[in-house]
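The next block holds one structure in the form of structure tokens; read it before the comments.
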Amino acid sequence: MSLKILSVVGARPQLVKLAPIAAALGAAGHRHVIVHTGQHYDADLSDVFFSGLGIPDPDVHLGVGSGSHGVQTGAVMAALDPILERERPDWVLVYGDTNSTLAGAVSAVKLHLPVAHLEAGLRSFNRRMPEEHNRVLTDHAADLLLAPTEEAMRHLAAEGLAERSVRTGDVMVDVCLRIRDTVLARTGGDLPESLPEGLPDGIDPERPYLVATLHRAENTDDAVRLGSLVDSLADLPVQVALLAHPRLVARAETHGIKLGRGALRVGRPLPYAGMVAAVLGSQGVITDSGGLQKEAFLLERPCTTLRTETEWPETLAGGWNELVADPGALGPVHWAETATRPAPDVPRGTPYGDGRAAEAVAAILAERVRR
Ligand code: UD1
């Protein structure tokens, strides 16, 4: 049976998840309508993912841009209503935990259209994070919860949502391993010297380096917190390639914080294959991104996460990922040892599935459709 599925996407991590889903829906013969909200509009955060990951161009672009949470979420909802009314898909598919996710879910549910939430059931239990509001509200609005892990299934069951939940595995594994194989095939597996392109000027890829990203509101919006995190990165004894999200650049400028100093070299966000290559060539990763924590885990590089908690606790097993909320409090020696630690000598298992999650999603959407 051929379905009509409408994906609502808008921010960088959603485009990464969209790539394997678009391929799987196409392979299953479903009609796929892609609506881009415009939450991310810089080419580095949007266009390069469509071209780099072979995603069909969006059918509709809402062009909402940046704004406060209410303004951005409301603008997506207002713009989506007529599109959803016109298309009346069998499923509205929303991804992850951004304002675009919540807006898509609320618009659809109010028009009595079935909603499926990809990457359902993740919880940080940190009610100060905008992503946590978006996850919880989206899960409770949606009709079908596509959970990546056992832990996510447990969270959904604890909130009374077990009947709507299905474990599919994580579509990020599908895309990450596919791109890793392409990158390695290009270089004949010769790591790390021949790999990374697009690293910040001043990084010498022949010497050990760390990849760093920082963009969460709780790390960038407060001047004291951001200043202290940047100091800690700048003081590390190895070169640090900071792939700066525009939010970080904007907040650092507002707060009068200089990013490119000490060990830090600042560059632009990388396209997906560039990021995979940069991580493969690196000694490790320092980040507050959910996706990058998992990519480091899948690519077998140690990760240090600049947060108090993670939605991906499976990455913590065996020390592949470590949470360091306040590097300054560790003292410079302990911080440097943590950030530059070698990869653990323990197997990681496959808590995120086998790289065929998108196929499972396509099959479940067909099985659970209500007509
Ligand atoms: C959003 C998501 C976050 C996700 C991240 C991935 C929410 C609440 N946050 O955060 O969960 O991890 O995307 O990147 O939905 N900006 C630009 N160009 C752009 C987009 C943003 O310059 O194309 C700047 C603007 O200064 C803007 C700021 O970044 O005000 C924040 O953008 P926004 O989309 O609100 O949130 P992100 O921090 O990108």
Pairs of alpha-carbon atoms within less than 8 angstrom and 6+ residues apart define the contacts here; what relative contact order does the stretch 191-278 have, in percent? 39 percent
A250-D47 FRET efficiency (beta carbon distance; Förster radius 25 Å; 0.05 resolution): 0.80
Report the gain in length on full extension from A329 to H133: 0.36 nm times residue separation, minus Cα-Cα distance, nm rounded to one decimal. 67.7 nm
Compute the relative contact order of the chain as a whole-number percentage, counting only Cα pairs closer than 8 Å that sit 6 or more residues apart in sequence. 16 percent
By the C-alpha gyration tensor axes a ≥ b ≥ c (rounded if a/c is under 1.5, else prolate when a/b exceeds b/c, else oblate), the shape of the stretch 63-143 is oblate
How do R247, R370, R31 line up, fewest other C-beta atoms within 10 Å first? R370, R31, R247
To the nearest 10 degrees, the tilt of helix 357-367 (Cα long axis) against the first principal axis of the alpha carbons of the chain is 10 degrees
Rounded to 0.05, the calculated FRET efficiency for the beta carbons of R368 and D57 at R₀ = 35 Å is 0.80
Hey, if you put +1 on the Cβ of every Lys and Arg and -1 on every Asp and Glu Cβ in the stretch 174-339, which of L330, L259, L226 ends up farthest toward the positive end of that dipole? L259
Cβ-derived FRET efficiency at R0 45 Å, D221 paired with S2, nearest 0.05: 0.50
Residues H155, H140 arranged by fewest to most Cβ contacts within 10 Å: H140, H155
Looking at the stretch 174-339, send over the antiparallel percent of its DSSP beta bridges, to the nearest 5. 0 percent
Show me the ranking of peptides 213-221, 331-339, 127-135 by mean Cβ neighbours inside 10 Å, starting with the highest. 213-221, 127-135, 331-339
Burial ordering of C176, C303, fewest other beta-carbon atoms within 10 Å first: C176, C303
Cβ charges +1 (Lys, Arg) and -1 (Asp, Glu), total dipole of the chain, debye: 620 debye
Inter-site label distance for A158 and E337 at 7 Å from Cα along Cβ, in nm: 3.2 nm
Quick one: Debye curve from the alpha-carbon atoms of the stretch 174-339 only, equal weights, vacuum; give me log10 I(q)/I(0) at q = 0.20 Å⁻¹ to two decimals. -1.39
Along the Cα-to-Cβ line of E150, 7 Å from the Cα, sits a label point; which residues in the stretch 287-323 have backbone N less than 15 Å from it? 313-318
Can you give the relative contact order of the stretch 174-339 as a percent, counting alpha carbon pairs under 8 Å and 6+ residues apart? 24 percent
Spherically averaged projected area of the chain from its Cα convex hull (nm²): 17.2 nm²
Row for the stretch 23-96, column shape: gyration tensor on C-alpha, a ≥ b ≥ c, rounded if a/c < 1.5 i.e. under 1.5, prolate if a/b over b/c, else oblate; value oblate
Under the rule a/c < 1.5 gives rounded, and otherwise a/b versus b/c splits prolate from oblate, where does the stretch 268-371 land using the Cα gyration tensor? prolate
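Every read-out reported here was derived from the displayed coordinates using simple, explicitly stated rules and does not represent laboratory data. Worth saying up front: this structure is predicted, and the values here are computed from it rather than measured. Cβ coordinates were reconstructed from backbone atoms using ideal geometry, including for glycine residues, and neighbour counts include every protein chain displayed.
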